[in-house]
Amino acid sequence: MADKENLLTVEHLKKYFTVGRGKILHAVDDVSFSIPRGTTLGLVGESGCGKTTVGRTLVRLYEPDGGKIIFDGQDISAVKGKEKRELTRRMQMVYQDPYASLNPFFTVGEIITEGLEIHGIGGSKKERMEIAYNLLEKVGLHREHANRFPHEFSGGQRQRVGLARSLAVNPEFIVCDEAISALDVSVQAQIVNMLVDFQQSMGLTYLFIAHDLSMVRYISDRTAVMYLGTLVEIGDNKEVYDHPAHPYTQGLLQAVPVADPQYEREHAGNNVMLGEVASPVNPGPGCRFCSRCPWADARCREETPTLTDLGGGHMAACHHLEKH
Ligand SMILES: Nc1ncnc2c1ncn2[C@@H]1O[C@H](COP(=O)(O)OP(=O)(O)OP(=O)(O)O)[C@@H](O)[C@H]1O
Ligand SMILES: [Mg+2]
């Protein structure tokens, strides 16, 4: 039976890459979370922690090496053929660099209608073009733009084209992978506000991956924090940002300027972001954050901490949560 509340649930997801003889890179290692329908989960963490790999594995661009992906009540971890094609319609991915994902030899009209054609949406070519014109207007462009090529647009406009292409096929779930990170701040805000509008009018569910914590905080309902392939904290925004439990989350938040002198005072001297990052290749047992953690002790080096519920779905994976 479909899970009424969650559109997506990930259980113990694993994605490994072989990077040399006997060298296995644990890009995503036992990650679990859910995203309620019509909400946004932000996914943050330093470069290389596995955010994109989570996104690509969820939408089945990568084959998972373990765990389950449950989408709208169905385990999609191993679906193939026609079922998988239908999933590529229902789950879309929007990238940081739409230029790389927009075919330079196609006009914008062709780019938007291609997905419609593949998925048999819109009867005739004329009807499909009508859908494309409507979408262009919806994302703040003009119907005349349909005849232009990607290189004739600015970065922000290209991101709008990418969004129109994704929305054309009526998706339910969109992974926005650093979709706004390369844009000017004012353009970022326009695109984010557009995403929020679309979410409300179309009931969309998002996984919003970004470096910029303030943008993630603004757009998401909940935030998940990743460190070296594992989830170290997840919860409602007000919990994660106002009461971060994991020393890594605290470090991340400390790295962004906070307009709260009391917070600054309380967390001074705890700069974990300067330490050495461990390797995701053949990781040993224990907490992966050990090498940077001010609280690390013998137990942390031997025993991998699991996510513990601190109440209200706010969870963190640390042996020293009592110190937070
Ligand atoms: N196709 C691949 N083959 C081998 N290793 C990979 C591959 N894709 C990613 N990795 C490795 O997996 C880890 C996670 O990479 P990923 O791109 O998911 O990180 P990320 O959190 O998205 O980083 P960024 O913030 O820089 O985009 C990294 O160590 C990366 O080098
Ligand atoms: Mg990435």
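The values are calculated or read from the model by the stated rules, or taken from the named source; none is laboratory data. Keep in mind the model is a prediction, meaning the values are calculated, not measured. Methodologically, a virtual Cβ is constructed for each residue, glycine included, from the backbone with ideal geometry; neighbour enumeration extends over all protein chains shown.
General observations
- Considered as a group, the residues in the range 207-222 that are more than 16 Å from ligand 2 (Cβ to nearest atom) and either modelled with pLDDT of 95 or more or not hydroxyl-bearing (Ser, Thr, Tyr) (or both) include one that is surrounded by the fewest Cβ atoms within 10 Å (Cβ to Cβ), and that residue is Asp221.
- Residue count for the range 87-111, restricted to those that are outside any loop (DSSP other than H, G, I, E, B), surrounded by 15 or more Cβ atoms within 10 Å (Cβ to Cβ) and within 16 Å of ligand 1 (Cβ to nearest atom): 4
- Residue match in the range 29-36 (condition: within 16 Å of ligand 2 (Cβ to nearest atom) and either under 20 Å from Gln92 (Cα atoms) or at pLDDT below 95 (or both)): no
- For the range 181-194, residues that are assigned to a loop (DSSP other than H, G, I, E, B) and crowded, with 18+ Cβ neighbours inside 10 Å total 1.
- Any hit, the range 251-267, residues being surrounded by 21 or more Cβ atoms within 10 Å (Cβ to Cβ), not aliphatic (A, V, I, L, M) and not assigned by TED's automatic domain parsing to the domain that holds Leu136: yes
- Count of residues meeting criterion [in contact with a Phe, Trp or Tyr (Cβ under 6 Å, 6 or more places away or on another chain) and of a type in the set (S, T, N, Q)] in the range 176-219: 1
- The set of residues in the range 129-180 that are within 16 Å of ligand 1 (Cβ to nearest atom) and either β-branched (Val, Ile, Thr) or part of a strand (DSSP E or B) (or both) comprises Val175, Cys176, Asp177, Ile180.
- Sole exception among (1) in a helix (DSSP H, G or I); (2) within 16 Å of ligand 2 (Cβ to nearest atom) for Lys84, by number: (2)
- Residue in the range 82-96 that is aliphatic (A, V, I, L, M) and without any contact (Cβ under 8 Å) to a residue 12 or more places away in the chain present: no
- For the range 47-73, a residue qualifies if it is buried (at least 17 other Cβ atoms within 10 Å of the Cβ) and within 10 Å of ligand 1 (Cβ to nearest atom), and the qualifying residues are Cys49, Gly50, Lys51, Thr52, Thr53, Val54, Gly55, Arg56, Thr57, Tyr62.
- Of the numbered criteria (1) over 29 Å from Lys238 (Cα atoms); (2) away from ligand 2 (no atom under 14 Å from the Cβ); (3) of a type outside the set (Asp, Glu), the one Ile69 fails is (1).
- Hits in the range 38-52 - residues which are away from ligand 2 (no atom under 15 Å from the Cβ) and in contact with a Gly (Cβ under 7 Å, 6 or more places away or on another chain): Gly38
- The residues listed here are Val31, Val44, Val19; of these, the one that is within 14 Å of ligand 1 (Cβ to nearest atom) and surrounded by fewer than 23 Cβ atoms within 10 Å (Cβ to Cβ) is Val19.
- Test: residue in the range 53-61 that is more than 16 Å from ligand 2 (Cβ to nearest atom) and more than 24 Å from Leu253 (Cβ to Cβ): yes
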